[in-house]
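Colleague: Next up is a structure, given as structure tokens.
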Amino acid sequence: MNKKEDIKKIKNRIKLLAKLINEHNIHYHQNDKPIISDREFDKLIIENSLLEKKYPNLKLKKGPNANVGGKLKNKFKKIKHKSPMLSLANAFDSKDIEDFDERVKKYLNIELEKKLDYICEPKIDGLSLNLTYRDGVLISAATRGDGLIGEDVTQNILNIKNIPKKLKGKFPNYIEIRGEVFLTKKDFQNINSKLDNKNKFANPRNAAAGSLRQLDVNISKSRPLQFLAHGIGYSSYEFSYFDEYYENLEIWGIKKNKINLKASNMNLIFEFYNSISETRSNLDYDIDGLVIKLNNISNQRRLGNVGKNPRWAIALKFSAEKAQTIIEDIDFQVGRTGSITPVARLQSINLGGVIISNATLHNFDEIKKKNIQIGDKVEIQRAGDVIPQVIKVIKKANKVNKLINPPKKCPICGSKTYKEQNEAVLRCINTYGCYAQKISQIIHFVSKKGLNIDGFGEKQVKQFYYLKFIKDVSDIFILKNLKLKIQNLDGWGELSFNNLINSIENSKNIDLDKFIYSLGIRFIGEVNSAILAKEFKNIQNFILASKKTDVLSNIDGLGPKAIKAIKDFFSYNQNIALLEKLSRHLNINENKIENINNFFNGKNLVFTGSLINISRDEAKYLAKKVGAKILSTVSKTTDYVIIGEKAGSKSKKAKELNINTLTEDEFLKKINS
Ligand code: IVH
């Protein structure tokens, strides 16, 4: 056969593959009647991808991968979720879930004896995905990202079997369907067996992430990713109950987990959890707990969320995976806030698919209490994303090794160490001079929840810091002047440099709450940053107020430790100078507060006494949602005091200062109108 005939044959094969893939997609997705097995289907996909790769000029314009184009993207497009994608708070035992149930009831102001239905199902260890359907047609698929904005992986999920491109039956005009993308344990092993050692994935979750977030969508398409739905985002039709939504999912052609339970009794739920925990190794996919969610969706809405965690759901985690190994050495790590943590360097060990060689020893009191030494054989555990930890000594070292004492000086900068009253943690006093702290602060600044600079992580921060390219976070914004220097560094080139500069440019437009979070002030996490952003609206107001204890202590939700940390941070002039420098580089947006047309919008409220119809927490939440500010003490700036039963001194104070008061009923009427 001559070359021409060869080419013709390949061309025909590519054409046939396109036809077959298209037909089988229709059998599967539209008719719901596959006529070949998943494996056979995958074979067609892989064969097609290989041929397209080998003979790019024979690729069909309208072939299975047509909309991708020949060129690789270097970045995912961003997609804003219509409603935020939250994450779950954790529970670890039966007491935690009883407390959860009680919290829910207290918030909803219903008697503790009353029963509420919860839907329970395994927590799959995968990645969350947001599918958007308009008029029943899949218009996008996005990863969680930072919860508000995710990455567009629409092209990557097109081959996932139980994600229909069109919904069946009756469906809302617009709906966000959420669920988990994962790989079975078997498929994970299969994928790994084809990769060389350097590229092997540590566990199915990483393999699923690595398969989904592929700029080369052909790789994603060739991996047998699976999807199970477990949630709902925005929907133009309001479902009343979660199980009602689940019944509809089935009609539309989307799978949910077969393992589930609807129950209201915490004992029953705990039994269900135990039985799943015992049989989890028989499941063909990894799970790491049980998710418990309130069935009533209007109650879910009332409960809302605290920071990124919904109040209406919780993850009851399985106990951590444990293993035994030897401590080879112990050294100290200095964290962002100066905490000095003893870290055990371990003989490497595989713990649930992840190679572990370090574990935290928490603090020096723990070392003493547990009598831990170098050379000891210890038990370690790792749960989910948390840092592995040393639990106890299994066997003492044969010989007596040097004792590990709390260092009097910071192991990094040599400054004095100190311990705060009632705190177990030892700290380096040199908060703004110690380079370990500086590096950790920079890493925090660029991290996902901060400026979210893609491609800028611990490795790059350290590299640039040691080379003196960045001394503090403001230098990040002049890295573009170091083009030649950076391009010539090991691991860098023109493309990666340009990508980095692009990411830095993109990060410059930032909301005030994220900016405050990125400063890494102690005790100022996501929740407190949001509170401060809402309160101060811009960075100048924040700086001005930072010296005024009375202003800070009148902010609802901000505790004394956070207040002290803010004052400490601003008492250091270099921090103020840094903030001013940063505000020149950045475009810091006031957090958008919707202009809500409500009586309480922009008003300062104080609550006192106990409410009858709703809980105090819900009343505050409702008021904040319509743009009111909650203060803890009555002063001249208070607009209204809402007086519940058995109100005390605040009600008196309101009278003295001649401030308007409202009853609970009046408050509810106004807030609902
Ligand atoms: S319900 C928070 N159900 O766990 C929104 N989540 O930290 C309610 N996950 O990112 C989620 N299996 O992707 C729910 N059966 C399940 C789940 C599940 C896994 C993931 C989810 C979310 C994370 C929560």
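The values are calculated or read from the model by the stated rules, or taken from the named source; none is laboratory data. Just so we're clear, the structure is a prediction, and the values are computed from it rather than from any experiment. Methodologically, a virtual Cβ is constructed for each residue, glycine included, from the backbone with ideal geometry; neighbour enumeration extends over all protein chains shown. Heavy atoms of the whole protein, side chains included, go into the accessibility calculation; ligands, DNA and RNA do not. Shrake-Rupley method; radii C 1.70, N 1.55, O 1.52, S 1.80 Å.
Colleague: Would you mind stating whether Tyr245 is of a type outside the set (S, T, N, Q), in contact with a Ser or Thr (Cβ under 9 Å, 6 or more places away or on another chain) and either modelled with pLDDT under 90 or open to solvent by 50 Å² or more (accessible area, probe 1.4 Å) (or both)?
Modeller: Taking the combined requirement at face value, the residue does not satisfy it.
Colleague: Looking at segment 505-512, is at least one residue open to solvent by 60 Å² or more (accessible area, probe 1.4 Å) and at positive phi?
Modeller: Scanning segment 505-512 turns up no residue that is open to solvent by 60 Å² or more (accessible area, probe 1.4 Å) and at positive phi.
Colleague: Quickly run through segment 173-204 and pick out the residues that are hydrophobic (A, V, I, L, M, F, W, C), away from the ligand (no atom under 16 Å from the Cβ) and within 19 Å of Ile45 (Cα to Cα).
Modeller: The answer is Phe188, Ile191, Leu195.
Colleague: Would you please name the residue that is farthest from Tyr435 (Cα to Cα), looking only at residues in segment 306-315 that are at pLDDT 90 or above and small (Gly, Ala, Ser)?
Modeller: Ala313
Colleague: Still on this structure, I have one more. Being buried (at least 16 other Cβ atoms within 10 Å of the Cβ) and closer than 20 Å to Asn587 by Cα is true for just one of Ile453, Ile486, Ile478. Which residue is that?
Modeller: One residue alone meets the criteria, Ile453.
Colleague: Turning to a different aspect of this structure: For Phe599, all conditions in the list (1) assigned to a helix (DSSP H, G or I); (2) in contact (Cβ under 8 Å) with a residue 12 or more places away in the chain; (3) open to solvent by 20 Å² or more (accessible area, probe 1.4 Å) hold save one; what is the number of the exception?
Modeller: Against the list (1) assigned to a helix (DSSP H, G or I); (2) in contact (Cβ under 8 Å) with a residue 12 or more places away in the chain; (3) open to solvent by 20 Å² or more (accessible area, probe 1.4 Å), Phe599 comes up short only on (1).
Colleague: Among the residues of segment 393-403, is any open to solvent by 40 Å² or more (accessible area, probe 1.4 Å), under 19 Å from Tyr572 (Cβ atoms) and assigned to a loop (DSSP other than H, G, I, E, B)?
Modeller: No, segment 393-403 has no match at all.
Colleague: Let me ask something else about it. Of all the residues that make up segment 264-299, how many are open to solvent by 10 Å² or more (accessible area, probe 1.4 Å), away from the ligand (no atom under 12 Å from the Cβ) and either within 20 Å of Ala208 (Cα to Cα) or not polar (S, T, N, Q) (or both)?
Modeller: 13
Colleague: Here is a further query. Keeping to segment 234-263, report how many residues are of a type in the set (Ser, Thr, Tyr), more than 25 Å from the chain's Cα centre (by Cα) and within 16 Å of the ligand (Cβ to nearest atom).
Modeller: Summing the residues that are of a type in the set (Ser, Thr, Tyr), more than 25 Å from the chain's Cα centre (by Cα) and within 16 Å of the ligand (Cβ to nearest atom) in segment 234-263 gives 1.
Colleague: Residues of segment 443-473 being in contact with an Asp or Glu (Cβ under 8 Å, 6 or more places away or on another chain) and assigned to a loop (DSSP other than H, G, I, E, B), which ones?
Modeller: Across segment 443-473, the qualifying residues are Lys448, Lys449, Asn452, Phe469.
Colleague: Looking at segment 242-270, which of its residues are out of contact with any strand residue (DSSP E or B) (no Cβ under 7 Å at 6 or more places or on another chain) and farther than 30 Å from Asn206 by Cα?
Modeller: Taking segment 242-270 as the starting set, the residues that turn out to be out of contact with any strand residue (DSSP E or B) (no Cβ under 7 Å at 6 or more places or on another chain) are 244, 247-248, 250-253, 258, 265-268, 270.
Those that are out of contact with any strand residue (DSSP E or B) (no Cβ under 7 Å at 6 or more places or on another chain) and farther than 30 Å from Asn206 by Cα: Glu244, Glu247, Asn248, Ile251, Asn265, Met266, Asn267, Leu268.
Colleague: Of all residues in segment 43-69, how many are at pLDDT below 80 and surrounded by fewer than 18 Cβ atoms within 10 Å (Cβ to Cβ)?
Modeller: The number of residues fulfilling the criteria is 7.
Here is a yes/no grid of residues against (1) more than 13 Å from the ligand (Cβ to nearest atom); (2) open to solvent by less than 10 Å² (accessible area, probe 1.4 Å):
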site: Leu86; (1), (2): no, no
site: Ile97; (1), (2): yes, yes
site: Glu121; (1), (2): no, yes
site: Leu129; (1), (2): no, yes
site: Ala141; (1), (2): yes, yes
site: Ile163; (1), (2): yes, yes
site: Phe171; (1), (2): yes, no
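Colleague: What number goes with the only condition from (1) within 15 Å of the ligand (Cβ to nearest atom); (2) open to solvent by less than 10 Å² (accessible area, probe 1.4 Å); (3) not in a helix (DSSP H, G or I) that Tyr133 does not pass?
Modeller: (1)
Colleague: Further question on the same structure: Taking Leu112, is it within 12 Å of the ligand (Cβ to nearest atom) and surrounded by fewer than 19 Cβ atoms within 10 Å (Cβ to Cβ)?
Modeller: Criteria not met by Leu112.
Colleague: Kindly establish whether Asn90 is open to solvent by 30 Å² or more (accessible area, probe 1.4 Å), touching a residue at least 40 places away in the same chain (Cβ under 8 Å) and either within 16 Å of the ligand (Cβ to nearest atom) or in contact with a helix residue (DSSP H, G or I) (Cβ under 8 Å, 6 or more places away or on another chain) (or both).
Modeller: yes
Colleague: Could you list all residues from segment 306-324 that are open to solvent by less than 10 Å² (accessible area, probe 1.4 Å) and away from the ligand (no atom under 16 Å from the Cβ)?
Modeller: none
Colleague: Another question, then. Out of everything in segment 405-427 that is polar (S, T, N, Q) and surrounded by 15 or more Cβ atoms within 10 Å (Cβ to Cβ), what residue ends up being nearest to Ile374 (Cα to Cα)?
Modeller: Thr417
Colleague: Still on this structure: Residues being touching a Gly at 6+ places or on another chain (Cβ under 6 Å) and outside any loop (DSSP other than H, G, I, E, B): count how many of those fall in segment 152-172.
Modeller: 1
Colleague: Can you name the residue in segment 316-374 that is basic (Lys, Arg) and under 25 Å from the mean Cα position of the chain (by Cα) and is also modelled with the highest pLDDT among such residues?
Modeller: Lys317
Colleague: Looking at Gly179, Gly253, Gly169, Gly210, which is the one that is within 21 Å of Cys120 (Cα to Cα) and of a type in the set (Gly, Ala, Ser)?
Modeller: None of the others qualify; the one that does is Gly179.
Colleague: Could you go through segment 114-128 and let me know if any residue there is in contact with a Ser or Thr (Cβ under 9 Å, 6 or more places away or on another chain) and within 30 Å of Ser496 (Cβ to Cβ).
Modeller: Checked segment 114-128: at least one residue is in contact with a Ser or Thr (Cβ under 9 Å, 6 or more places away or on another chain) and within 30 Å of Ser496 (Cβ to Cβ).
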